[in-house]
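Have a look at the structure below, then the notes.
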Amino acid sequence: MGLGEQNLLTSILPLVVMVAFFYFALIRPQKKKDNEIKEMRANLKVGDHIVTIGGIHGKIIILKEDYVVIESSGLNTRIDVAKWGINSVVKGKGME
């Protein structure tokens, strides 16, 4: 290995390490999280208790292809919410 080849290798190696770090530390986990959210939204069903991105809690009453109708509060207020606006499905006590 000549001096020119060694100099080229030492200048490219840090760049390769940085790209690998960003991929495994930032890009890959974000893709995994996006896939989990997409799967959660695809598996919604009537009766699920959800929280929207805006923080509204409600129970799914009607499920359509691209939106859901939720019932929120004790007054049975109904709200149309786009599926992309659903943040999570709530499981556990207090959501009957």
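Kindly list, by first and then second residue, each pair from a residue in region 26-46 that is open to solvent by less than 100 Å² (accessible area, probe 1.4 Å) to a residue that is in a helix (DSSP H, G or I), limited to pairs with Cβ atoms under 6 Å and residues at least 6 apart or on different chains.
Note: pairs meeting the criteria are R41/K83.
Tell me, yes or no, whether region 84-92 has at least one residue that is touching a residue at least 24 places away in the same chain (Cβ under 8 Å), in contact with a helix residue (DSSP H, G or I) (Cβ under 6 Å, 6 or more places away or on another chain) and polar (S, T, N, Q).
no
How many residues, within region 61-89, are closer than 21 Å to E36 by Cα, out of contact with any His (no Cβ under 8 Å at 6 or more places or on another chain) and open to solvent by less than 70 Å² (accessible area, probe 1.4 Å)?
In the first step, residues of region 61-89 are kept if they are closer than 21 Å to E36 by Cα; the result is 63-68, 81-89.
So of that shortlist, the ones also out of contact with any His (no Cβ under 8 Å at 6 or more places or on another chain) come out as 63-68, 81-88.
Next, only the ones that are open to solvent by less than 70 Å² (accessible area, probe 1.4 Å) stay: 63, 68, 81-83, 85-86, 88.
Residues meeting the conditions: 8.
The values are calculated or read from the model by the stated rules, or taken from the named source; none is laboratory data. No experiment lies behind these values; they were computed from the predicted model shown. Here Cβ is always computed from backbone atoms with ideal geometry, including for glycine, and neighbour counts include all displayed protein chains. The protein model used for the area step is the full one, side chains on, heavy atoms only, and it has no ligands, DNA or RNA in it. Shrake-Rupley method; radii C 1.70, N 1.55, O 1.52, S 1.80 Å.
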